[in-house]
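The values are calculated or read from the model by the stated rules, or taken from the named source; none is laboratory data. No experiment lies behind these values; they were computed from the predicted model shown. Because the Cβ atoms are built from the backbone with ideal geometry, glycine has one as well, and the counts that use them run over all protein chains shown. When the accessible area is computed, the model is the full protein with side chains, heavy atoms only, and any ligands, DNA or RNA have been set aside. Shrake-Rupley method; radii C 1.70, N 1.55, O 1.52, S 1.80 Å.
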Number of protein chains: 2
Amino acid sequence: MQHTTVTFLGPAASFSHQAAVEFFGESAELLPCVSFTDAFTAVQQGEADYAIIPCENSTNGSVVQTLDLLADPNNLYEDVEVCGVHYLTVHHCLLARKGVFSSQRDYGSVAKLYTHPQAWGQCEGFLGRYFRGIERQDVSSTSKAGEIVSKTKTEHSAAIASRFAAEFHGLDVLEENIEDKTDNTTRFLVLRNRNSDLTTPRPFGDLDDRREQWASTPTARKTLISFMVRQDSPGALAEALLIFKSHGMNLTSINSRPSQNNNWQYVFLVECQTANGLGDQGMDMEVLSHLQGVTETCRHLGTWSE
Amino acid sequence: MQHTTVTFLGPAASFSHQAAVEFFGESAELLPCVSFTDAFTAVQQGEADYAIIPCENSTNGSVVQTLDLLADPNNLYEDVEVCGVHYLTVHHCLLARKGVFSSQRDYGSVAKLYTHPQAWGQCEGFLGRYFRGIERQDVSSTSKAGEIVSKTKTEHSAAIASRFAAEFHGLDVLEENIEDKTDNTTRFLVLRNRNSDLTTPRPFGDLDDRREQWASTPTARKTLISFMVRQDSPGALAEALLIFKSHGMNLTSINSRPSQNNNWQYVFLVECQTANGLGDQGMDMEVLSHLQGVTETCRHLGTWSE
């Protein structure tokens, strides 16, 4: 049996890695990639069956690297489509090398903390209570912070990273859920190549059990469409958005990114769903065909159940 | 005569500083601030008459720090309004301490380059031709890079920064316009306090000459409005956008930012203008009063000539 290959935004034990394991299960072959561009390229060129990358965080908003690759003004990734999403709640833990700290909250001897710059801000309450004045070292990812601490034997150091990273790097979890905001959530997109025979638009893999569980709860059918309006036609944006409404599609989000070809021309990325959560591909194609009449370019970027 | 005070996003000789000089002229008192939040706070609390901050770049898109402060979900800056915009084309120069390099393109002895990380990527062509393999030092701003080079006497170093920074720090300009993209432009917003008696909604200061010059060219009257739709009302976004259309207002841009109160609820920031570039405050207020019927919150964030 052929393995499903999935590339995720690395390094190993990143939040994208965790999302990949949760979405695809343990049987898929998971391969880290070093950049958002590499993830899109791997899917476009058939080097991976799927990619999973962050697209939005409930606190920080959209991930512009992902939006820019979806906007794709030079048609580099025209076969890449979104086929699923996954939500991951961001929990941080305080991690240390196994056995270094005998009891919980025995933090007096911690000489140095490691994590990604964003995580300091997300754990201010906890850090203010227990680690005032302790040296902080920025690292390129929380997972990397865990790796550094797992290999540092000359000092009493600790990392802020996920429980997933703790297990991956063999670290003790000294404290869980140290984040200020307990519901900080990242939304990931699952990408496939629309011409692939090996993948399906609904990549549930060995998640059939969960799929049955989901089947009992209503899911929304969402569609992502990109378009660019003509710059000499100032009413065109409202006209394009009206087309969604006239087809019974509710807009659930709008993002805009620079077109990179003309200053102050934008690619709009619109997510929509039908009012009753149902709908079919025929309707998507009808919306697209009407959009073509009022836009310079438009593209169907995928449909999935959420 | 009382000076007009203007705070700009520092440090001194930043692109925001240059924008402030170009917009307000030399007679205004210009004060650097260290963050976007400080600029908004200074205007809200009346510590500065105006602030000028970047809001969008033609290549990189929106500046999210500015959008988040405009979205203002906790009503911290409810008296801050946009009263003008300024466009600045981003040109980079190669700068060195006065007299260190006798002739142009005598770059062989440069041992180290300093600039902001973004500027390396914006000058790749030039750097690839003349500075392959030369040590690069990241600095927090291009202006700071200029300052460091002006004070470094022990090595032959050069900075990538603006001509404005060269003049400010007393540096030689070895080469001008070394950027790859000649039309990379940043749009700045001018902010004022809507309750201020000392400022006017049209702060042209000693730019009256230019104002006259502008008067001969048609200008658009733009309005910025923010709103948040109800989360339980999926058609509300399209309904809100329709209100602009039904009042003859064309949407020129839409941005969304997390509301920070509920996950996946957004504050939308919509820029619009009337089809003929004219319009009045009565019309803005009518749009706003209709928006109130379909949104959870909405706010008029300013009107200006562009």
Q. What is region B:221-305 by shape, rounded, prolate or oblate, if you read a ≥ b ≥ c off the alpha carbon gyration tensor as root eigenvalues and call it rounded for a/c under 1.5, prolate for a/b larger than b/c, and oblate otherwise?
A. prolate
Q.
Taking R0 as 45 Å, what FRET efficiency do you get between B:Ser233 and A:Arg129 from their Cβ-Cβ distance, rounded to the nearest 0.05?
A. 0.65
Q. What accessible surface, in Å², does a 1.4 Å probe find on A:Cys298, ignoring ligands, DNA and RNA and rounding to the nearest 10?
A. 30
Q: Go through A:Trp264, A:Trp304 and list them by solvent-accessible area, largest first, probe radius 1.4 Å.
A: A:Trp264, A:Trp304
Q) Rounded to a whole number of µm²/s, how large is the Stokes-Einstein D of region B:92-175 at 10 °C and 1.306 mPa s, given Rh as the Kirkwood radius over C-alpha pairs? A) 129
Q. Shielding of A:247-256 by partners, i.e. mean partner chain Cβ atoms within 10 Å per residue?
A. 5
Q. Given the pairs A:Lys112/A:Lys144; B:Lys181/B:Lys222; A:Lys144/B:Lys144; B:Lys153/B:Lys181, which span a C-alpha to C-alpha distance of over 23 angstrom in this model?
A. B:Lys181/B:Lys222; A:Lys144/B:Lys144; B:Lys153/B:Lys181
(Q) Whole angstrom only: what separates the Cα centroid of region B:118-134 from the Cα centroid of region A:224-246? (A) 39
Q.
Just to be sure I understand: with springs between alpha-carbon atoms less than 10 Å apart, which residue in A:Arg230, A:Arg132, A:Arg187 has the highest mean-square fluctuation in the Gaussian network model of chain A?
A. A:Arg132
**Q.** Coarse-grained scattering of region A:1-78 at q = 0.13, 0.16, 0.27 Å⁻¹, given as base-10 log I(q)/I(0) from a Debye sum over alpha-carbon atoms
**A.** -0.39, -0.58, -1.31
Q) Summing +1 for each Lys or Arg and -1 for each Asp or Glu, what net charge is found among the other residues whose Cβ lies under 11 Å from the Cβ of B:Ser246? A) -1
Q. Computed over the Cα atoms of the protein assembly as shown, what is the convex hull's projected area averaged over all directions, in nm²?
A. 32.0
Q. Among residues other than A:Thr185 whose Cβ falls under 15 Å from its Cβ, what is the net charge (Lys/Arg +1, Asp/Glu -1)?
A. -4
Q.
Cut-off 10 angstrom, C-alpha nodes, Gaussian network model of chain A. Which of A:Thr182, A:Thr59, A:Thr154 fluctuates the most?
A. A:Thr154
Q | J(HN,Hα) series, region B:130-142, from Karplus relation 6.51 cos²θ - 1.76 cosθ + 1.60, nearest Hz, glycine and proline x | A | 10, 10, 4, x, 7, 4, 10, 10, 5, 9, 5, 7, 5
Q | Net dipole in debye of region B:1-98 [+1 Lys, Arg Cβ; -1 Asp, Glu Cβ; about Cα centre; nearest 20] | A | 620
Q: Give me D for chain B in µm² s⁻¹, whole number, from Stokes-Einstein with Rh from the Kirkwood sum over alpha-carbon pairs, 37 °C and 0.692 mPa s.
A: 155
